[in-house]
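Contents: one structure, followed by commentary.
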């Protein structure tokens with residue numbers, strides 16, 4: 001019988017994309033729904049959730065070092081003994097002996113265990129901070145992929161509209177040349193532009209397909225038609241308005257900073273935990289032992305014994321070959337490295353906040369400028385068309401004006417998406433990015 005292996009996740013994604021490519025989607029997905037699909041599918045976030053679950057187990061593991069331990073053991077032995085003597089034949093003894101014991105140990109003073117329990121609390125905090133960072137990264141990746149698809153659609157739409165306009169100009173140029181009202185140069189220039197825009201259309205169409213598949217990999221399915229950004233959508237500036245407030249918040253609230261802060265605390269306590277190798281330990285111990293045998297060495301009477309013990313056990317380390325000192329120095333070096341990494345995390349968080357803040361502020365200004373430029377480009381196009389009809393403009397002037405309109409429209413779409421993404425990144429830099437922020441952005445899109 002042939003064995004069938006379960007398909008890998010990569011193979012599943014490939015099969016999914018192939019099936020979806022053959023079946024057009026019948027619904028439009030909004031940004032919030034796409035994110036919720038990604039929560040259930042994305043492999044990176046699934047790995048982060050599992051890693052966080054593993055990190056939470058550090059707390060019960062650390063607590064175990066402070067709690068009592070109880071162990072039990074049992075034995076049974078078959079004895080076949082012979083005891084030779086001078087005065088009489090050897091004495092044979094064949095019997096079964098068995099026993100069991102129960103041992104209880106309660107640590108009273110083991111400083112390294114107390115330190116380890118404190119470490120566990122910070123390790124759990126580190127795991128939670130890493131999970132929060134993973135969730136914020138998922139929001140950003142979904143938004144980036146969603147906006148990339150919409151921008152690729154806008155780019156393709158602009159290229160095709162430009163191609164159509166150039167085709168009309170090409171036909172007009174050929175007609176004017178045939179009737180003798182224009183030179184062959186106009187037709188050749190229009191043909192050159194048409195060939196170039198045809199190549200751009202192929203590249204834009206390919207880019208759109210790639211962007212759609214990248215989004216499908218994150219959400220686990222083809223989202224179909226995506227809701228588009230409303231033309232009248234208003235992009236709001238950062239609140240609070242002061243850059244310094246965002247930088248200060250990022251240096252404290254960034255999940256990366258919080259995770260590294262917890263790691264530094266763990267590293268600092270590791271020094272103390274290793275140094276505790278020099279300290280004595282004190283345990284309360286108790287034991288109960290029961291033994292019995294079929295007979296003793298000298299007679300056939302049954303032998304039984306019961307031992308009950310309780311007391312304190314003190315252990316004083318004296319010399320361990322320099323191991324404790326070496327591990328303490330190693331932990332101190334790792335602590336210094338963790339503190340340096342914490343400083344670096346804070347600097348990077350501050351830099352990310354500054355970049356994102358400027359991305360929002362400058363993005364809003366750029367959107368306003370491009371909106372004005374689009375109006376001017378449309379007016380210039382109409383003027384060039386009118387000038388071409390009356391003979392004061394040539395065909396290349398009209399083509400350049402048309403191209404400028406489509407390029408401005410495409411750049412405006414990119415500026416809007418970049419500004420929205422910068423706003424999300426700004427919230428992520430200070431550690432407050434959540435589904436509610438994505439919901440507010442989603443409200444700017446068509447329903």
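Rule-based calculations on the coordinates, nothing more; no lab input. What you see is a predicted model, and the numbers here were worked out from it, not measured in a lab. Neighbour counts run over all protein chains shown; Cβ positions are idealised from the backbone, glycine included.
Structure remark: mean-square fluctuation, Gaussian network model of the chain, C-alpha springs under 10 Å; the largest value among 98, 130, 274 belongs to 98. Among 339, 131, 420, the largest mean-square fluctuation in a Gaussian network model of the chain, built with springs joining Cα atoms closer than 10 Å, belongs to 339. Between residue 80 and residue 440, the simple label model (points 7 Å from Cα in the Cβ direction) yields a spacing of 8.6 nm. Diagonalising the gyration tensor over the Cα atoms of the stretch 229-363 and scaling each eigenvalue by 5 before taking the square root yields semi-axes of 65, 23, 11 Å, largest first. Rounded to two decimals, the Cα radius of gyration of the stretch 99-224 over 2.2 N^0.38 Å is 2.37.
Here the scattering of the chain is modelled by Debye summation over its C-alpha atoms, one equal scatterer each and no solvent; at q = 0.12 Å⁻¹ the log10 of I(q)/I(0) is -1.12. Of the residues 259, 350, 173, the one that moves most in a GNM of the chain with alpha-carbon contacts below 10 Å is 173.
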